[in-house]
Amino acid sequence: MLKDCKNGERFEGTILVNEWKEVPFRQKPGAYLSLICQDRSGTIQGKMWDYKSQILMLLKDQDIFYIKGVASEYRGTLDLTIETIRIVPKEAVDLADLLPSSLITAKELENRLRIILEKITTPELKALLEQFLTHPEWGTAYRQAPAAMKIHQAYLRGLWEHSVRVAEIVDGIAGHYPAIDRDLVLTGALLHDMGKILEYSYDRGIKFTTEGRLLGHIILGIEILTEEIAKIPDFPRELRAKLVHIITSHHGNYEWQSPKRPKLMEALVIHYADVIDADLFQFEQAKENHPDDEWSPYIPSMERCLYLK
């Protein structure tokens, strides 16, 4: 498994190539290959310093390979120097060995989801959630999709895990602020990232769909939400507007591609709970990946090193 790689040790095994690119050398002619390699234990950056042009054609058409190489550490980050690479027939691979999943079981996530659902009493919101979560396509995808490409919960059941966590966080906050509509904030928390079920494909690694690249999960989420609300007779227009606003504003800031900033207490709470879960996930990952270190390497998404003790 990739997570077992240690500095100086050899690695060989079947991996999924999520991304790849040619990177020009800075001080000499030519280029090397940079690859994001994945199995169910996680990802690691692979580099091929010497390769033939045929490799590029393989990478354009294939994504599962058997590789041999050596792990090495550079500036606190472990890379894999790939020496040889060959195609693995797709029928010879169990994708469950290559795609990581949430460590939280589906049974536990379902139980936690049901606890949240039991707290919601508004008939229209109960009907909306029941309809969405039992939908033959949406309900299944919601429980399978990743929450992100890289930053947080980038694995199967990641969206489900993240949404339940955000709902649990906002439930705790709502207990301190009676003016917050608990039914609305819990529903919004569960549905704020619903567009990710169309933003990502995850049958062979986590990748953007064409819709995801063109529209993003905020717009896709609004489309799904309005489609589902239209099936519920006499759904209050103001309640619909509030739910749409929660999805529209949950990134919080215009520079984070949020079309609107939060203008409801419930929208504001969901935005911060979303950030809290994503950031704390990165702390958890840093502690797990560097159990003996006082400090993490620099984490670009957080723009800092993290203290781990």
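Against the criterion of being loosely packed, with under 15 Cβ neighbours inside 10 Å and among the basic types (Lys, Arg), LYS47 does not qualify. Inspection of segment 22-30 identifies no residue that is out of contact with any strand residue (DSSP E or B) (no Cβ under 7 Å at 6 or more places or on another chain), outside the structural domain of ARG157 (by TED's automatic domain parsing) and surrounded by 11 or more Cβ atoms within 10 Å (Cβ to Cβ).
Table: residues versus (1) out of contact with any Gly (no Cβ under 8 Å at 6 or more places or on another chain); (2) at pLDDT 95 or above.
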site	(1), (2)
ARG204	yes, no
ILE218	no, yes
ILE222	no, yes
GLU227	yes, yes
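Evaluate segment 92-101: report whether one residue or more is without any contact (Cβ under 8 Å) to a residue 60 or more places away in the chain and closer than 23 Å to GLU9 by Cα. For segment 92-101, residues without any contact (Cβ under 8 Å) to a residue 60 or more places away in the chain and closer than 23 Å to GLU9 by Cα: absent. Can you find even one residue in segment 49-66 that is under 14 Å from GLU22 (Cβ atoms), under 26 Å from the mean Cα position of the chain (by Cα) and not basic (Lys, Arg)? Looking for residues that are under 14 Å from GLU22 (Cβ atoms), under 26 Å from the mean Cα position of the chain (by Cα) and not basic (Lys, Arg), one finds at least one in segment 49-66, hence yes. Can we say GLU108 is acidic (Asp, Glu) and surrounded by fewer than 19 Cβ atoms within 10 Å (Cβ to Cβ)? Yes; evaluated as a whole, the condition is true for this residue. GLU118 meets all of the listed conditions (1) out of contact with any Asp or Glu (no Cβ under 8 Å at 6 or more places or on another chain); (2) crowded, with 18+ Cβ neighbours inside 10 Å but one, namely (2). Does ASP277 satisfy the criteria of being under 30 Å from CYS37 (Cβ atoms), modelled with pLDDT under 90 and among the acidic types (Asp, Glu)? Here the answer is no, as ASP277 does not meet what is asked. With the condition kept exactly as written, say whether any residue in segment 136-150 is under 11 Å from the mean Cα position of the chain (by Cα), within 18 Å of TRP256 (Cβ to Cβ) and surrounded by 24 or more Cβ atoms within 10 Å (Cβ to Cβ). Taking every residue of segment 136-150 in turn, at least one turns out to be under 11 Å from the mean Cα position of the chain (by Cα), within 18 Å of TRP256 (Cβ to Cβ) and surrounded by 24 or more Cβ atoms within 10 Å (Cβ to Cβ).
Among the numbered conditions (1) buried (at least 18 other Cβ atoms within 10 Å of the Cβ); (2) within 30 Å of ASP97 (Cα to Cα), the only one that LEU239 does not meet is (2).
The values are calculated or read from the model by the stated rules, or taken from the named source; none is laboratory data. Just so we're clear, the structure is a prediction, and the values are computed from it rather than from any experiment. All Cβ positions, even for glycine, are placed from backbone atoms using ideal geometry, and neighbour counts span all protein chains on display.
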